[in-house]
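The values are calculated or read from the model by the stated rules, or taken from the named source; none is laboratory data. Only a predicted model underlies this, so the values are computations on that prediction, with no experimental measurement involved. For the accessible areas, the whole protein counts, side chains as well, though only heavy atoms, and no ligand, DNA or RNA atoms are used. Shrake-Rupley method; radii C 1.70, N 1.55, O 1.52, S 1.80 Å.
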Amino acid sequence: MQEKKPETATKNPKKANLLDHHSIKHILDESVSEIVTSRGYVEDVRMSNIRLVMGTIIIIIALLAQFYKKKFPENRNFLIGCIVLYIVFNGLLQLIIYTKEKNAILFTYPPSGSFTSTGLVVSSKLPRFSDMYTLSIASADPKSISANQSVQFTKSVTQWFTKDGVLVEGLFWKDVEALVEEYAREPKKSK
């Protein structure tokens, strides 16, 4: 345990621009991901991979439309097809983001050696012009028999940052770990 202290002492502090709520949320979300993965949860990147594949397909469609060998009057039907495919794939991508991701910052697999068969979905919110950060943890599969009730907390970001914008990781770490432990021990309520 004493070996970790020098490591954290030489670690660069995380600093945010306190006037930019995107900067604050980014640092907090990044720290949440570190904390949850350090607890044995492995990140599930399938959703990110699906988004990357969909984005690549959209780019390929746009490049095909741009660099097709024939000039405009001759390639009219091909361009119309590309435009329709571009709209359809963009619509699907937006639908996936809107329905599956929402405010999620992390999807996980269940921890190894765990009795649960479902991972976590960690979500956060920091509304514009507000200092109230909401962090919630829910089951990746809420219909699963091993899914727990979702838990959340809403706290002011001012308690985790110094006046210079440096994140006090110890305080934030304690709050997030307490939320993860609360999720892990809370039994699912029967319907």
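Okay, here's what the table says:
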item	result
Calculated mean projected area of the Cα convex hull in nm² (choose from (1) 14.1; (2) 16.4; (3) 11.0), label	(2)
The chain, relative contact order [Cα under 8 Å, separation at least 6], %	21
Exposure rank, largest accessible area first [Lys71, Lys14, Lys143; 1.4 Å]	Lys143, Lys71, Lys14
Protein accessible area in the chain, 1.4 Å probe - carbon and sulfur %	59
Filter on Lys14/Lys174; Lys15/Lys100; Lys11/Lys125; Lys100/Lys155; Lys25/Lys163; Lys15/Lys163 - keep pairs with C-alpha separation over 19 Å	Lys15/Lys100; Lys11/Lys125; Lys100/Lys155
Relative contact order %, the range 1-109, counting alpha carbon pairs below 8 Å whose residues are six or more apart	34
Heavy-atom accessible area ranking, 1.4 Å probe, most first, across Arg46, Arg128, Arg39	Arg128, Arg46, Arg39
Solvent accessible area, Å² - Ser150, 1.4 Å probe, full protein context	80
Expected 222 nm ellipticity per residue - DSSP helices of 4 or more, -39500 (n - 2.57), all of the chain, to 500	-14500 deg cm²/dmol
Accessible area per residue, Å², the chain with all protein chains present, probe 1.4 Å	69
Kyte-Doolittle at least 0.5, axis length at least 18 Å by Cα - qualifying DSSP helices, the chain	46-66, 76-96
Residue-span extension gain [Arg51 to Lys174] - 0.36 nm each, minus C-alpha spacing	41.0 nm
Solvent-accessible ranking of Phe153, Phe89, Phe172, largest area first, probe 1.4 Å	Phe89, Phe153, Phe172
Normalised alpha carbon radius of gyration of the range 18-77 [divisor 2.2 N^0.38 Å]	1.98
